[in-house]
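Read through the structure below, which is laid out as structure tokens, and then see the notes.
The values are calculated or read from the model by the stated rules, or taken from the named source; none is laboratory data. None of these values were measured; they are calculated from a predicted model. Here the Cβ positions follow ideal geometry from the backbone for every residue, glycine too, while neighbour counts run over all protein chains shown.
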Amino acid sequence: MIKISHYGAVTRFDLARTIAGRGRYWTAAYLIDDLLIDSGCAYTASEFTRQLEDRSIARIVNTHSHEDHIGANASLQRQRSGIQILAHELALPVLADPREKQPIRLYQRVFWGWPEPSAANPVMEGDVIETEHHNFQVLHTPGHSPDHICLYESTQGWIFSGDMFVGGQERALRADYDIWGIIASLKKVTQLRIDILFPGCARVREDPSHELADKIAYLETTGEKVIALRGKGTSVSTIARELFGKPIWVEYLTFGHFSRRRLVESYLRDQ
């Protein structure tokens, strides 16, 4: 399932597998000039590739290597032999062999599926990706994943944040996320002038400075509480229950891979 919206020169594609007539677990891709940012999941790859047939695309940038952001890479490369895929150097082994380098769990296979291998070239912090009308600076923003990048267009004040920021207040975290890395990356982008934030899912934000600041404050305050409770000898399970309440549905859906406990453990890592 695909939904299309426009924000001036930016075209947004919301992509999701259709289950029981509804899109489930949406992710976003963006097209600016001939640059595509992310490509959705494997289940939407064929439909997305057809949707893009009449559009000029020279390059794809993957904000990170998670399966819901790289799904149409291979089909677009087959459709257009000259297309170039760019990603952080840490993402390249995953893109080349997703099944071997980044095995996914049952819930991930159900909602997003296995991506096909794709060939990519590295970008790094400070690189600039030029299109006909825009220049995008690469920012390395690890935390959600070690290979995560954002793209910043300083003239327009645009930031394409991938999954570094999608809003909300975390009550759970995936096992392989780094909460302190997320906080550091959020602080990094708040040093920039951001007029519009284009996330990897959820709504586009105009003038997101207050939301970014609120997110940082919430995450840091929560971390202080976790560390203080642990310092008193409180167990991880008790901390999770005291700070985040009863179990939430995502814990059952992911068999604990995404949970309150994982969030507490991430705060305590390296402490």
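When every residue of the range 14-30 is checked against the conditions, at least one turns out to be surrounded by fewer than 17 Cβ atoms within 10 Å (Cβ to Cβ), outside any loop (DSSP other than H, G, I, E, B), in contact with a strand residue (DSSP E or B) (Cβ under 9 Å, 6 or more places away or on another chain) and among the basic types (Lys, Arg). Taken together, the criteria place residue 112 among residues that are crowded, with 19+ Cβ neighbours inside 10 Å and either in the same structural domain as residue 76 (by TED's automatic domain parsing) or over 24 Å from residue 181 (Cβ atoms) (or both). If you check residue 239 against the conditions, is it closer than 29 Å to residue 10 by Cβ and either free of Cβ contacts under 8 Å to residues at least 24 places away in the same chain or among the aliphatic types (A, V, I, L, M) (or both)? In short, no.
Condition first: among the aromatic types (Phe, Trp, Tyr) and more than 17 Å from residue 153 (Cα to Cα). Can you find one or more residues in the range 191-207 that meet it? Looking through the range 191-207, none of the residues is among the aromatic types (Phe, Trp, Tyr) and more than 17 Å from residue 153 (Cα to Cα). Among the residues making up the range 10-26, a single one is modelled with pLDDT under 95 and among the polar types (S, T, N, Q): 18.
Among the residues of the range 153-165 satisfying the criterion of being in a loop (DSSP other than H, G, I, E, B) and of a type outside the set (Ser, Thr, Tyr), which is surrounded by the fewest Cβ atoms within 10 Å (Cβ to Cβ)? Full working, then the answer.
Of all residues in the range 153-165, those in a loop (DSSP other than H, G, I, E, B) come to 154-157, 163-165.
Narrowing further to those that are of a type outside the set (Ser, Thr, Tyr): 156-157, 163-165.
Values: 156: 19, 157: 15, 163: 23, 164: 27, 165: 25.
Out of the qualifying residues, it is 157.
Which number in (1) buried (at least 19 other Cβ atoms within 10 Å of the Cβ); (2) touching a helix residue (DSSP H, G or I) at 6+ places or on another chain (Cβ under 9 Å) marks the one condition that residue 168 misses? In the conditions (1) buried (at least 19 other Cβ atoms within 10 Å of the Cβ); (2) touching a helix residue (DSSP H, G or I) at 6+ places or on another chain (Cβ under 9 Å), residue 168 misses (1) alone.
Tell me whether the range 33-44 contains one or more residues that are of a type outside the set (A, V, I, L, M), assigned to a helix (DSSP H, G or I) and more than 27 Å from residue 132 (Cα to Cα). Steps first, answer last, please.
Filtering the range 33-44 for residues of a type outside the set (A, V, I, L, M) gives 33-34, 38-41, 43-44.
Adding the requirement that they be assigned to a helix (DSSP H, G or I) leaves 43-44.
Next, from what is left, pick out any that are more than 27 Å from residue 132 (Cα to Cα): 43-44.
Yes - at least one qualifying residue is present in the range 33-44.
So for the range 215-223 (the condition being of a type in the set (Val, Ile, Thr), modelled with pLDDT under 95 and either in contact with a Phe, Trp or Tyr (Cβ under 8 Å, 6 or more places away or on another chain) or exposed (fewer than 11 other Cβ atoms within 10 Å of the Cβ) (or both)), does at least one residue qualify? No - not one qualifying residue is present in the range 215-223. The conditions of being closer than 27 Å to residue 112 by Cα, in contact with a helix residue (DSSP H, G or I) (Cβ under 8 Å, 6 or more places away or on another chain), surrounded by 15 or more Cβ atoms within 10 Å (Cβ to Cβ) and polar (S, T, N, Q) are met by residue 254. Looking only at the range 60-102, residues that are charged (D, E, K, R), outside any loop (DSSP other than H, G, I, E, B) and either under 19 Å from residue 27 (Cα atoms) or modelled with pLDDT under 95 (or both) come to 4 in all. When the test is whether a residue is modelled with pLDDT of 95 or more, of a type in the set (S, T, N, Q) and part of a loop (DSSP other than H, G, I, E, B), residue 169 does not pass it.
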